[in-house]
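The values are calculated or read from the model by the stated rules, or taken from the named source; none is laboratory data. Here the structure is a predicted model, which is why all the values come from computation and not from measurement. Cβ coordinates were reconstructed from backbone atoms using ideal geometry, including for glycine residues, and neighbour counts include every protein chain displayed.
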Amino acid sequence: MVQRSTPPLDASFAALSDSTRRGVLERLGRGDASISQLAESFQMTLTGMKKHIGVLEQAGLVSTRKVGRVRTCRLGLRRLKEEAAWIERYRQLWDARLDALDEVVDELKAKEKKDGRDR
Amino acid sequence: MDETGSGPATKDRTAVERRSERELVVTRSFDAPARLLFEAWTTPALFMRWWAPKSLGVPLLSCEMDVRPGGRYRLEFGQDASSAMAFYGEYTEVTPPSRLAWTNDEAENGALTTVTFDEQGGRTLLTFREIYPSKEALDESLAGMEGGMPEQFDQLDALLATLGAGGQ
């Protein structure tokens, strides 16, 4: 497991060199799917599809999760990293926005205090 | 004058969490009562001072708000009126000073947005929540594209095209 934590580029290229595997990635881009669903869509045996998924998994392009007897595939770590980057960008926008809101609210607070004293 | 607000946690005071496939939640605590946050959120002149921070890169040109259930709002962003982009919708819930909800009608798959202000002991927890009609709608919105595919698919497509051309 440990030595696979950073899949070598070679593995990615090898994984992408096959048209079925490229098709599988495209299909998973539209939503998660089980190995048997993929086997059916690509008209191949379960064993054949398992092999393809294994190659994609080793390249970090797909991750799988087994629930009961069904193994579900989704786009791999790279996708998750992208999502983390989007969320961080969104968080930075909100952080700046709420900093500005904080200033406005501080002003309102100060004004209230002053008005209270003046009265 | 009151400097207690700039305590140790000056960074990352704003938390963002994807609570589910369709839901994004922003939270932050303020050293102020809920009614002032509500006022800053529902008064156009005040709202315009904070909704479009400089880092957004696009100024807010105008802001109209009819803050009552069924009332509408309209925001226009842009460098000038000719290139303005409008965001608009309808308030579905207005409960001063603790809760507001509105629709986002400019996009086909716009979110339903709720903001709540929970005051406790003089501090207020702000929770801003967007619920999208589908996972894809949230993904698209996060990726900041209109109807397009997330960026990584474009990159993958480019890579596949290269491989296709160079390969068999």
Meets criteria (loosely packed, with under 14 Cβ neighbours inside 10 Å, among the small types (G, A, S) and over 18 Å from B:E39 (Cα atoms)) for B:G121: yes
Residue match in the range B:59-69 (condition: out of contact with any Cys (no Cβ under 8 Å at 6 or more places or on another chain), of a type in the set (K, R) and away from chain A (no Cβ under 13 Å)): yes
Residue list for the range A:19-65, filter: touching a helix residue (DSSP H, G or I) at 6+ places or on another chain (Cβ under 7 Å) and of a type in the set (S, T, N, Q): A:T20, A:S36, A:S41, A:T45, A:Q58, A:S63, A:T64
Criterion (at the interface with chain B (Cβ under 9 Å from one of its Cβ atoms) and either under 24 Å from B:S134 (Cα atoms) or of a type in the set (K, R) (or both)) met by exactly one of A:L16, A:L25: A:L25
The listed residue being more than 30 Å from A:E26 (Cβ to Cβ) and away from chain B (no Cβ under 11 Å), out of A:D95, A:D118: A:D118
Criterion violated by A:E82 - all others in (1) more than 7 Å from every other protein chain (Cβ to nearest Cβ); (2) over 30 Å from B:R49 (Cα atoms); (3) without any contact (Cβ under 8 Å) to a residue 24 or more places away in the chain satisfied: (1)
Residue that is modelled with the lowest pLDDT [pool: residues in the range B:17-69 that are under 16 Å from the mean Cα position of the chain (by Cα) and of a type in the set (D, E)]: B:E17
Subset of the range A:1-57 [hydroxyl-bearing (S, T, Y) and at pLDDT below 90]: A:S5, A:T6, A:S12, A:S17, A:S19
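Might you check whether a residue that is modelled with pLDDT of 90 or more and either more than 30 Å from A:R22 (Cα to Cα) or not in a helix (DSSP H, G or I) (or both) occurs anywhere in the range A:72-83?
Within the range A:72-83, one or more residues are modelled with pLDDT of 90 or more and either more than 30 Å from A:R22 (Cα to Cα) or not in a helix (DSSP H, G or I) (or both).
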